[in-house]
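Every read-out reported here was derived from the displayed coordinates using simple, explicitly stated rules and does not represent laboratory data. Since this is a predicted model, take the numbers as computed values, not measurements. Neighbour counts run over all protein chains shown; Cβ positions are idealised from the backbone, glycine included.
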Amino acid sequence: SQELEQSPQSLIVQEGKNLTINCTSSKTLYGLYWYKQKYGEGLIFLMMLQKGGEEKSHEKITAKLDEKKQQSSLHITASQPSHAGIYLCGADGSGGYQKVTFGIGTKLQVIP
Amino acid sequence: GAVVSQHPSWVICKSGTSVKIECRSLDFQATTMFWYRQFPKQSLMLMATSNEGSKATYEQGVEKDKFLINHASLTLSTLTVTSAHPEDSSFYICSAILPGRTEAFFGQGTRLTVV
């Protein structure tokens with residue numbers, strides 16, 4: 001079965017600092033999703049990556065998928081308190097979304 | 001962006017009673033919706049896939065007789081937790097795929113507390 005490992009599990013950064021969250025899959029991915037969640041609230045879709053080597057950016061968040069399509073990183077530049085939350089990666093191993101597996105998440109705190 | 005709405009946002013019920021949670025796609029038709037459960041400090045776990053007009057597909061280990069799913073229309077799926085017990089207390093969240101798109105949009109979730 002698909003397994004995802006996220007690291008780190010928890011991260012505290014000073015406002016203005018850059019940070020990176022990693023997501024590693026045990027299998028080749030059809031697609032890799034990044035979501036942001038505040039615990040107890042819904043998920044906010046950030047980005048989806050499908051092609052090896054693909055990189056996407058939205059505002060100050062950049063996500064990359066490696067060539068082998070087994071590892072993805074999420075990079076936040078000049079972090080702000082609004083970036084705080086739980087970042088989840090989700091793996092689509094079948095191409096139909098039906099079997100998306102989520103990582104345990106990375107809890108990000110940004111200290112003003 | 002596409003909007004998926006869940007209702008209620010939170011509910012407290014007595015042990016042994018049933019609770020219904022609604023998931024609506026507000027501005028698009030969703031032939032498929034997904035139901036997840038999340039326990040504190042754990043990841044989202046897919047419970048079942050809800051298909052409009054047909055039976056839901058449940059993940060291994062999820063009791064279909066306990067978690068009843070009905071997807072009677074293209075904009076509404078319901079999850080009913082029957083004979084709820086304290087161990088069913090959790091955060092339940094649904095998602096729907098926009099037709100022709102690949103990303104899923106999530107509802108705001110429902111926090112269920114069984115006392």
Dipole in debye (nearest 20) - chain B, about Cα centre, beta carbon charges: Lys, Arg +1; Asp, Glu -1: 160 debye
Order of A:Ser82, B:Ser9, B:Ser95 under a 10 Å beta carbon neighbour criterion, fewest first: A:Ser82, B:Ser9, B:Ser95
The protein assembly as shown - Rg (one decimal) and Dmax (whole number), Cα, Å: 17.6, 51
GluC sites (Glu not before Pro) restricted to segment A:1-87 and DSSP loop, no more than 15 other C-beta within 10 Å: A:Glu3, A:Glu15, A:Glu59, A:Glu67
Neighbourhood net charge (14 Å Cβ-Cβ; Lys/Arg +1, Asp/Glu -1) for A:His83: +3
Gaussian network model of chain B, springs between alpha carbon atoms under 10 Å - residue of B:Ser54, B:Ser83, B:Ser18 with greatest fluctuation: B:Ser54
Eligible aspartates and glutamates near A:Lys17 by straight Cα distance, threshold 20 Å, same-chain separation 8 or greater: A:Glu59
Top of B:Thr75, B:Thr57, B:Thr17 by mean-square fluctuation, Gaussian network on chain B, Cα under 10 Å: B:Thr17
Whole-percent pair-distance distribution, where bins are 10 Å wide, for the alpha carbons of chain A: 16, 50, 29, 5, 0
Inter-label distance for A:Ile12 and A:Gln71, nm, one decimal - labels placed 7 Å from Cα along Cα-to-Cβ: 2.8 nm
Inverse mean reciprocal Cα-Cα distance (Kirkwood Rh) of segment A:31-83, Å: 11.8 Å
Cα-centred dipole magnitude for the protein assembly as shown, charges only on beta-carbon of K, R (+1) and D, E (-1), debye, nearest 20: 140 debye
Most fluctuating residue given options A:Lys68, A:Lys27, A:Lys36, as computed from a GNM of chain A linking Cα atoms under 10 Å: A:Lys68
Under the Debye formula (equal points on every Cα, no solvent term), log10 I(q)/I(0) of chain B at q = 0.13, 0.19, 0.22 Å⁻¹: -0.44, -0.95, -1.25
Anchor A:Lys69: lysines whose Cα lies under 22 Å away (excluding residues fewer than 8 positions away in-chain): A:Lys27, A:Lys36, A:Lys51, A:Lys56, A:Lys99
FRET efficiency, 1/(1 + (r/R0)^6) with R0 30 Å, evaluated for B:Lys41 and A:Lys60 via beta carbons: 0.65
